[in-house]
Every structure is written in C-alpha cells, then in structure tokens.
C-alpha cells in the first residue's frame with residue numbers, strides 16, 4: 001500500500017471514528033447539551049451538569065415559569081411550593097453544584113435577557129466567599145454558552161460532542177437500571193429543578209444517638225479548616241451587579257443567606273464570617289438564616305452545608321409571617337446595613353435549644369384483640385387490659401392522639417409531661433365492646449387501625465371462613481364521636497391471610513412489593529388501596545385519615561413514598577422502642593416504633609417498657 005493511500009485511509013478512519021463518537025454523544029447527550037433527543041431524561045443530565053442541562057431545559061420550557069431561585073447546592077432545599085404560594089409565582093430552582101456568585105450573576109443576566117422574570121430569590125451562602133470564577137471541570141462545572149459570553153458555541157458543543165464515550169455508556173446503563181425513586185445518577189426533579197430528596201426524606205429520624213450512627217459526619221466537626229473567605233469582595237461585587245440588573249429590569253429580588261450547621265463556622269476566622277455577612281448587608285438587605293438554634297440541631301441537616309427540606313419550609317414561613325408551622329423564635333431575621341454585624345456576631349454565640357424544648361419521648365403500645373377469658377397465655381383479657389390502663393394513669397401518663405402528636409411536630413404545640421399512645425391493630429369488635437368502655441372510664445385516648453375489607457365482618461371476605469368479628473363503620477363512628485378514639489388505616493386489603501384466600505395468588509400478607517411486581521404497578525396498587533381505605537373511613541367517621549400502621553410492620557422506602565403521595569403523614573411499624581419526635585421535623589413521624597402487648601405482660605412490665613427499663 002502506498003504511503004499516500006495509507007495516510008488517506010488512516011485519516012478517513014479517524015474522521016469516521018470522530019463522527020461516530022460525535023453522533024453517539026449527540027444521541028446519548030449525558031449532559032443535556034443538545035436537548036437530549038433520544039432519552040429526554042433531564043433528571044440524569046442535570047445530575048451530571050445542572051448548569052448546562054437546566055439552561056437547555058429552560059430553552060424549551062421557560063413559559064412554565066416566571067420566577068427563579070438561584071444559588072449553590074444548599075439552594076436545593078428552598079421549597080418551590082412554599083415560595084410559589086408566598087409570592088404568587090411559578091418558581092424554578094436553578095441550584096447548581098458549587099456555584100460561585102459569578103455563575104449566579106451570569107445566570108441572572110441570561111434570564112433577564114431571554115425569559116419572563118417576575119421574582120428572583122438569590123441564596124448567598126458562606127461558601128460563596130471562598131471561591132469565585134472557578135471552572136474546575138469543563139464538562140460538569142461550566143455554564144452553557146448561552147449563559148456565558150466567554151464560551152463560544154463551537155467550544156461548547158465540541159467539548160460535549162468529543163467527550164469520553166463512557167459518559168454515554170453510563171447513561172445507557174443507568175437507563176436500564178432506573179427506578180421510580182432517585183438514584184445517584186438522577187437526583188433532580190427536572191420539572192421543578194429541585195434536588196429530589198424523596199429517599200433521604202423517607203429515612204426514619206429519631207434520637208441524636210441514632211442520627212449520629214446514620215450520619216457519622218456530624219461526629220467530627222470542624223473537619224475542613226482552616227478555610228479562607230478570601231473571595232468575599234468579588235462575591236459582593238456580583239451580588240451588587242445582580243441587584244442593579246434586577247432593579248433596572250423591574251424584577252423583585254429577595255436575597256437569602258441559608259442555614260449553616262453551627263460547627264462548620266469553626267472552620268473560619270470569626271471576624272471573617274462577620275465581615276462576610278456585614279459586606280452582604282452593605283450591598284442589600286437580606287433574610288439571614290445562617291446561624292440560629294436551628295443551626296445547632298444536626299437532625300435539621302444532611303451535612304454541614306445542606307439543610308433539610310423541612311428547614312426550607314420554616315424559612316418560607318418566617319419570610320411570609322406564617323405562624324401555622326413550627327419555627328424557632330430566633331430563626332430568621334431581615335438584616336440591614338445597620339444591624340448585620342451585631343446580628344451575625346450574636347448568632348455565632350447561639351446555644352442549642354434544650355432537648356425538652358425541641359423533642360419528646362413518646363412510647364406507643366400496640367394491642368390487637370381482647371377476650372373475656374384467656375385460652376392461650378398470650379391472650380389479653382379485658383381485666384388485664386384495664387389493669388394496664390390503670391397502671392398508666394396512676395403512673396401519671398397521659399394518652400395522646402396522633403392529632404396532638406402531629407401538632408407537636410408541625411406546629412410546635414406542647415405535649416403533656418408523660419405522653420403515651422395506645423393503638424390497636426386490625427379493628428376487632430372487642431376494641432368496641434371491651435376496650436372502648438375501659439378507655440372511656442379512664443379517659444384515655446387510643447387509635448385503632450382498621451382493615452377496610454374486614455370492617456363489620458365475622459367471616460373472611462366473601463368466604464365462609466370464620467374469624468374474630470370486626471366492628472362496623474357505625475360503631476367506628478360512635479367511638480370517634482366520643483373524642484377519645486381515632487380510627488385510622490391498616491390498609492383496605494393488604495393484610496391478607498393466604499389460607500383463607502381464593503385464587504392462585506400471590507397474596508398480599510403485607511404491603512411489601514410482590515416478587516416480580518413492576519414498580520409502577522406496585523405504587524398504583526398501594527395508592528388505590530390506601531385511597532379506598534381512607535375514603536371509606538372518612539365518610540363513616542368524619543375525621544381525617546392520614547395515619548397508617550404497616551401490616552406486620554413491613555415496608556420499604558417505595559412504600560413510604562407511595563403512602564405519602566396518598567396523603568399519609570404518619571406511619572407505624574411493629575419494631576419495639578421509644579420514639580423521639582422532633583418539632584419541625586416531620587420525618588420523626590416516619591416508621592414509628594411500638595411495643596407489642598399481650599396477656600403475658602404485667603402492668604409492671606408495660607411500665608418498664610415505656611420507661612426504657614430493661615428487665
């Protein structure tokens with residue numbers, strides 16, 4: 001082969017490979033640079049580079065929004081729904097990993113020049129004083145060329161067309177392993193732009209000890225210092241530019257300093273921290289949530305610089321003057337140039353709220369059927385039940401409802417000094433005939449979790465199989481009307497007993513996903529069941545049904561999410577233990593523990609359980 005022919009063949013092959021690579025990267029588009037023509041999977045693209053993928057998304061969907069939340073990753077917990085209501089707007093969350101204030105300035109310029117903008121919320125975080133004008137990765141940390149005038153279209157598109165093909169292969173692999181809940185490769189909600197925290201916000205949260213075990217990062221702060229705020233001046237120049245741009249365009253600008261975990265501040269010189277927030281106040285008044293008693297409570301944070309979504313709701317409530325949800329008194333202040341330095345300095349000296357001010361220890365007892373005369377050792381008679389209730393009353397315990405428990409968590413309402421919760425599973429007739437009169441006598445509240453398909457029945461479903469009779473909807477309504485009893489959901493028909501079932505199965509003994517059941521079908525089955533259960537109970541009793549006891553205590557994260565989407569706000573397991581519930585933290589009402597009580601338990605044993613005394 002002649003040299004010229006070989007060179008020509010080599011060049012042609014190289015050109016073909018380059019074209020093939022470009023075509024592959026264009027079609028898979030793992031960074032959302034080309035509109036994701038094949039997959040339309042922007043949650044994946046935004047996970048790789050939210051700066052680029054979100055700009056591409058807005059090019060197609062800008063008409064769906066009129067307001068924007070902008071900032072670094074802590075901005076992920078600014079709740080779209082709350083701010084939409086507060087400002088009568090349609091917000092999109094432009095959170096970007098490690099965004100510096102120059103990124104934010106360029107984003108604002110792009111928005112004001114290209115889309116309708118009513119309101120901008122700018123999150124100025126402490127870390128913005130550390131870095132400025134930094135593009136550490138040309139694929140994952142750069143802006144779209146439409147946003148950044150320093151990037152040409154050719155440079156922008158060529159870097160993605162010629163990127164490592166393994167990015168595209170990873171997207172293909174992820175596509176075939178995708179689930180309904182977010183995974184590491186698709187952590188964004190593409191419609192709202194928010195970080196999708198459905199999994200993290202389904203985790204049961206309780207005591208500090210348990211939380212440290214799950215989040216050991218909080219055990220060793222400060223862990224990054226010493227850190228410098230050497231870019232404070234440059235940061236504030238961009239904040240000033242954003243202020244001026246919004247004023248010129250007639251766009252309302254709200255500047256917010258998001259919450260920081262208290263120990264993280266110890267990575268910096270105190271005077272530098274005060275100077276950072278004081279410099280911000282000299283540029284513009286702002287809502288300061290940076291340091292308060294909230295900052296001292298690790299359970300409000302995922303890590304030092306990322307606060308939970310529930311804290312974002314507190315922020316919106318404080319900004320809007322909403323007193324319906326729990327907000328600590330010292331959380332959030334509107335800071336001006338005259339008050340900033342003193343306010344921040346005082347904030348850095350904040351002390352954590354005492355445990356009694358923020359949390360409560362709540363034991364929950366779980367009963368089932370009562371009998372007149374015991375046959376088995378574990379059978380619980382009415383007399384034994386009364387002895388246990390009498391022991392609770394004599395020991396100073398107050399039986400509370402789930403309404404009171406929710407009010408404590410959501411609204412900060414007080415609980416009695418020694419709360420206890422009494423629950424019954426399944427909805428047996430004995431709950432009405434035997435337990436209810438005893439509870440009335442001692443004025444003890446209780447919650448009964450009824451199986452919808454069994455209400456009013458003494459045979460199993462449509463069979464002749466006898467079972468312990470269950471109370472009727474009319475009897476449920478009578479108990480609820482007393483103000484002592486609540487009847488909540490134990491599912492409609494997800495607590496099946498296979499020996500009595502007809503058909504081939506598989507049967508739902510619990511709310512667990514059946515073998516081979518597709519996720520979408522499973523979620524639909526859960527939500528249809530819970531909707532039916534809730535509707536029938538609410539129609540019969542007139543009370544809100546939003547508490548669910550998982551049959552046999554079995555659940556998964558997908559179950560928890562499906563239940564929440566169906567309107568459930570509290571879930572219970574059968575795991576033993578005392579619950580730590582936390583004001584302002586709805587997750588402390590997730591997968592709550594209960595002590596199973598039967599005829600073998602003496603009143604003294606019951607008291608020992610709920611007082612945490614091991615026998």
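Each reported figure results from applying straightforward, stated rules to the coordinates on display, with no laboratory input. These numbers come from a predicted model, not from an experiment. Every residue, glycine as well, gets a Cβ built from its backbone with ideal geometry; the counts of neighbours run over all protein chains shown.
Remarks
- Model label sites at residue 162 and residue 493, defined 7 Å from Cα along the beta-carbon direction, differ in position by 6.3 nm.
- Model label zone, residue 60; criterion: amide N under 15 Å from point 7 Å along Cα-to-beta-carbon; scope segment 149-181: none
- On full extension, the segment bounded by residue 477 and residue 215 gains 89.9 nm, given 0.36 nm per residue less the C-alpha separation.
- Read-out Cα Rg over 2.2 N^0.38 Å, derived from the coordinates shown; its label in (1) 1.08; (2) 1.14; (3) 1.46: (2)
- The alpha carbon centroids of segment 9-32 and segment 158-190 are separated by 18 Å.
- Ordering 483-491, 226-234 by mean Cβ neighbour count within 10 Å, with the highest value first, yields 483-491, 226-234.
- Here segment 191-242 and segment 423-453 have alpha carbon centers that stand 45 Å from each other.
- Taking the chain and dividing mean pair separation by its residue count, relative contact order in percent (alpha carbons under 8 Å, at least six apart): 12 percent
- 0 to 90° range, to nearest 10: angle between helix 3-28 axis and the chain longest Cα axis: 40 degrees
- Within the chain, helix-based [θ] at 222 nm, where runs of 4 or more DSSP H residues each add -39,500 (n - 2.57), nearest 500: -11000 deg cm²/dmol
- Cα long-axis angle, helix 232-249 against the chain (0 to 90 degrees, to the nearest 10): 90 degrees
- Cα-based helix-to-principal-axis angle, 101-114 vs the chain, degrees rounded to 10: 80 degrees
- Percent antiparallel among DSSP beta bridges (both partners in the chain, rounded to 5): 25 percent
- Tensor-based shape of segment 1-96 (alpha-carbon gyration tensor, a/c under 1.5 rounded, otherwise prolate or oblate): prolate
- Here the label points at residue 510 and residue 208, each 7 Å from Cα along the C-beta direction, are separated by 3.3 nm in the simple model.
- Peptide ranges 119-129, 532-542, 560-570, 148-158 listed from the most packed, as the mean C-beta count within 10 angstrom indicates: 119-129, 560-570, 532-542, 148-158
- Relative contact order [Cα under 8 Å, 6+ residues apart], segment 5-353, whole percent: 19 percent
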